[in-house]
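**Q** Just passing along the structure, written as structure tokens.
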Amino acid sequence: MALVELPEIKFVEDDAEKVFGEMVTVFQGFTGETLNRADPEMLALRSFAQIIIQQRVLINRVAKGELLRYAKGIVLDYLGDPKTPILQAEPAISIVRFTLSIPLVTPQTIPVGTRLAPEGAEGSLLFATKVSLTIPAGNTTADVLVECLTPGVIGNGFLPGQINTLIDPLPFVASVTNLTTTAGGADTEDDDSYRERIRMAPESFSTAGPEEGYKYWAKTASAAIVDVAAVSEAPSEVTVIPLLEGGIIPTQVVLNAVDEKINSRKVRPLTDKVTVKAPTAVTYNINITYYINRDRASESEIIKAAVNEAVKSYQLWQKSKLGRDVNPSELIWRVMSAGALRVVVTAPTYVNITELQVAQDATVNVIDGGLADD
């Protein structure tokens, strides 16, 4: 939701010269004296003015902090409460397969809370089953949902097969392994995301199914969701597409959580058919050669590091929003701002991305072309 352009707000005057001038004027009016620059009274008034200015700066800061646009921390929490509470940290989740050593004649139960760990984690990061699992007699495998016991992004990104250590030994269980990449973990919602969601909250009060309303309810499913698209390509049909932090494509588990939120009887209009699906990834490559000004040769190592960070920031920027076109001009600007003299880009080229899609980087090749003259 775009912000309306408003002038900078100031509740009390905190300009040093203006405040000091007002104090001198008041003093001269009361005493009937005309002060000179070197008078002791002038020095005393300037000292008092500094105290008043500091108080006024604090007043402006506190007063602005009560406005949604500027609020932070606990003040922002109070502005959102109770209609729009902040989203707390959430654990990463995955699907894990338990495999028995032999088929049994009786069902094998895997208790809820059975702990597992990623390979090499040495117990520093644990996952646990969310529900009790029963492997039927005669079968050797069954799948169950697990979640990280440490909420936050720390549990994200473990590839299939990497969670393979059973912490709580169970009879006849030969192996465990995750079938899906762990995802959905999110830290406590940051101020900017929370502020945007509070701003969108009034859209959720309508029962007519507005676009912003669907976006609002989708974001309440997880603090890891950074962007949502809601489109209607046919009457009474709505498609909702969430995107996770860092440009990660949501797993089916996350999609199910969004679907549960949006299709609630208190949220979805009865006439709407709502479908939740993952965005379509449109891949692009990065292939650039950059040059450093010969006059800045002594800074070349610093500039090289800054250029690599600029490319990484571009990758994140490009995939952090649905429908964001692949824009090589943005890449050039970031690399130039990092200190490069000029940049030759052979990839990417400009690509139009729809709101159902998200750009995802594939291969990245950043070449240092050496020193060059202006």
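**Q** Residue by residue through the range 145-190, note down the ones that are open to solvent by 30 Å² or more (accessible area, probe 1.4 Å) and among the polar types (S, T, N, Q).
**A** THR150, ASN156, GLN162, ASN164, THR165, SER175, THR177, THR180, THR181, THR188
**Q** So, of the residues in the range 223-244 that are of a type in the set (D, E, K, R) and farther than 16 Å from LYS321 by Cβ, which turns out to be surrounded by the fewest Cβ atoms within 10 Å (Cβ to Cβ)? Break it down into steps so the answer makes sense when it comes.
**A** From the range 223-244, those of a type in the set (D, E, K, R) are 227, 233, 237; that's our starting set.
Now restrict to residues that are farther than 16 Å from LYS321 by Cβ: 233, 237.
Details: GLU233: 8, GLU237: 12.
Across the range 223-244, the extreme among qualifying residues is GLU233.
**Q** Does LEU6 fit the bill of being under 30 Å from VAL153 (Cα atoms) and not charged (D, E, K, R)? Explain how you work it out, then say what you get.
**A** Numbers: under 30 Å from VAL153 (Cα atoms): no; not charged (D, E, K, R): yes.
No.
**Q** Being in a strand (DSSP E or B) and not aliphatic (A, V, I, L, M) is the filter here, so list the residues in the range 243-301 that pass it.
**A** Of the residues in the range 243-301, the ones in a strand (DSSP E or B) are 243-244, 248, 273-276, 280-293.
The answer is LYS273, THR275, THR280, THR283, TYR284, ASN285, ASN287, THR289, TYR290, TYR291, ASN293.
**Q** Can you run down the residue pairs with Cβ atoms below 7 Å, 6 or more apart or on separate chains, where the first is in the range 152-164 and in contact (Cβ under 8 Å) with a residue 24 or more places away in the chain and the partner is assigned to a loop (DSSP other than H, G, I, E, B) and among the small types (Gly, Ala, Ser)?
**A** Listed by first residue and then by second, the contacts come to GLY152/ALA89; GLY152/GLY185; VAL153/GLY185; ILE154/GLY185; GLY155/ALA92; GLY155/GLY185; ASN156/ALA92; ASN156/GLY185.
Results for (1) free of Cβ contacts under 8 Å to residues at least 24 places away in the same chain; (2) closer than 12 Å to ILE288 by Cβ, shown as yes or no for each residue.
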| residue | (1), (2) |
| --- | --- |
| SER313 | yes, no |
| GLN318 | no, no |
| LEU331 | no, yes |
| VAL335 | no, yes |
| VAL343 | no, yes |
| PRO348 | no, yes |
| ILE353 | no, no |
| GLN357 | no, no |
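**Q** For the range 205-222, give me each residue that is at pLDDT below 85 and buried (at least 24 other Cβ atoms within 10 Å of the Cβ).
**A** Scanning the range 205-222 gives no hits.
**Q** Also, I was wondering about something else. In this structure, does VAL335 turn out to be touching a strand residue (DSSP E or B) at 6+ places or on another chain (Cβ under 6 Å), within 30 Å of LEU244 (Cβ to Cβ) and open to solvent by 40 Å² or more (accessible area, probe 1.4 Å)?
**A** Taking the combined requirement at face value, the residue does not satisfy it.
**Q** Another question about this same structure. Identify all residues within the range 114-129 that are touching a residue at least 24 places away in the same chain (Cβ under 8 Å) and either open to solvent by less than 10 Å² (accessible area, probe 1.4 Å) or part of a loop (DSSP other than H, G, I, E, B) (or both); write none if there are none.
**A** THR114, LEU116, ALA117, PRO118, GLU119, ALA121, GLY123, LEU125, LEU126, PHE127, THR129
**Q** Follow-up question, since we're still on this one. Looking at ASN285, ASN365, ASN293, ASN352, which one is exposed (fewer than 15 other Cβ atoms within 10 Å of the Cβ) and more than 20 Å from ILE249 (Cβ to Cβ)?
**A** From the options ASN285, ASN365, ASN293, ASN352, the qualifying one is ASN365.
**Q** Separate question: Could you check how many residues of the range 13-48 are part of a loop (DSSP other than H, G, I, E, B) and exposed (fewer than 14 other Cβ atoms within 10 Å of the Cβ)?
**A** Residues flagged as part of a loop (DSSP other than H, G, I, E, B) and exposed (fewer than 14 other Cβ atoms within 10 Å of the Cβ) within the range 13-48 amount to 9.
The values are calculated or read from the model by the stated rules, or taken from the named source; none is laboratory data. Since we're looking at a predicted model, the values are computed, not measured. Every residue, glycine among them, receives a Cβ derived from its backbone with ideal geometry; neighbour counts consider all protein chains shown. Protein only, heavy atoms only, side chains kept; ligands, DNA and RNA dropped before computing areas. Shrake-Rupley method; radii C 1.70, N 1.55, O 1.52, S 1.80 Å.
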